[in-house]
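All remarks here apply to the structure that follows.
The values are calculated or read from the model by the stated rules, or taken from the named source; none is laboratory data. Note that the structure is predicted; figures quoted are calculated from it, not measured. Note that we place each Cβ from the backbone using ideal geometry, even for glycine, and neighbour counts take in every protein chain shown. Accessible surface is based on the protein model in full, side chains and every heavy atom, while ligands, DNA and RNA are left aside. Shrake-Rupley method; radii C 1.70, N 1.55, O 1.52, S 1.80 Å.
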Amino acid sequence: MKYPQPYKTLIAFLALPMFTSIASAASIMFDFGPTTVSGGSLTNSPYHALGGSSADNAWNQVQLADINSGLILSNGAAAAGVTLNLGVSSGTTIGLSTQPVNSSALGSVTNFSGGIYASPSAGRDAIFASSTTVRYVGLQIGGLASGTYDIFIASRNTNTAAAHSQFGFVGKSAAAGDFDVTSYLTGLSLIPQTPVDGDIPGNGAQASWQENVNYTRFSITLAEGEFLNIAANGGNGITGAGGPEARGFLNAVQIMQVPEPSSALILASALAFGLARRRRP
């Protein structure tokens, strides 16, 4: 079939990859704890459960030390200029001069060592606060590109089958340094108690990734030079300790940049609009 030249141009643009910007988005993923993610676990995560690209499969392993260089983006490229600073606190202000002291493979409870938590899952091992008093654990990321990000936080103690809650906090600051989570975005993941005969579909404990059950999700927009701040604690969240697990755990964090529409998509839309106008009588 022969098409007029404007239609040929439109078809050519529509044939272009429309999601080119996703590959260059400055997304980054962190696995906390001593177990290195590998194999099928590279795409076993909250982001991937929502249909995230399998090309985003590169993780940074983080234990108890700050990282000032050598981080990689989720596509495996170098994350030039991106830094990670860990901290803990007994109150709402995360002190970045003190690092967490606990890094563990966890997963000792049989009913919570399979499914999405089967080793070497990024959601199984963790770093965590030292006690019910020093219960906050947090991190500050510097050097991220400006833009909007979806933040996924997997936070739980996989060494207990008891029902417990974990609170996630996400915010930003104009400068590096300690940060107060009081006014931050807050999300609750309420981990149900596993039945005695193991996990069942729909229970939410280990069968699948479920928002506000075994992970929390946030959206935040960063300006150039701003720092991303993330924290977790247990019990009754910001109001104080309580419940069967008052300590904060960080198992995995995914910071996925939301891509802007590609230039090809914008131009194709403009051409389609122009052609529609030309066809009007």
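Order these peptides, 226-232, 118-124, 177-183, by their mean beta-carbon neighbour count within 10 angstrom, highest first. If you can, show how the numbers build up before the last one.
Values: 226-232: 24.7, 118-124: 23.0, 177-183: 17.0.
In decreasing order of mean packing, 226-232, 118-124, 177-183 become 226-232, 118-124, 177-183.
Can you run phi through the Karplus equation (6.51, -1.76, 1.60; θ = phi - 60°) for the range 46-58 and list ³J(HN,Hα) in whole Hz, with x for Gly and Pro?
Result, rounded to whole Hz: x, 4, 6, 5, 8, x, x, 5, 5, 6, 8, 9, 9.
Averaging sequence separations of C-alpha pairs under 8 Å and six or more residues apart, then dividing by the length of the range 54-165, give the relative contact order as a whole percent.
26 percent
Would you mind telling me the share, in percent, of accessible area of the range 99-151 contributed by carbon and sulfur at probe 1.4 angstrom?
Working: 750 of 1560 Å².
Roughly 48 percent, rounded to a whole number.
Residue 49 to residue 97: extension gain in nm, 0.36 nm per residue of separation minus the Cα-Cα distance?
Stretched out fully, the residue 49 to residue 97 stretch lengthens by 13.8 nm.
Using label points projected 7 Å from each Cα along Cα→Cβ, tell me how many nm separate residue 183 and residue 162, to one decimal.
Going by the 7 Å Cα→Cβ label model, 3.6 nm.
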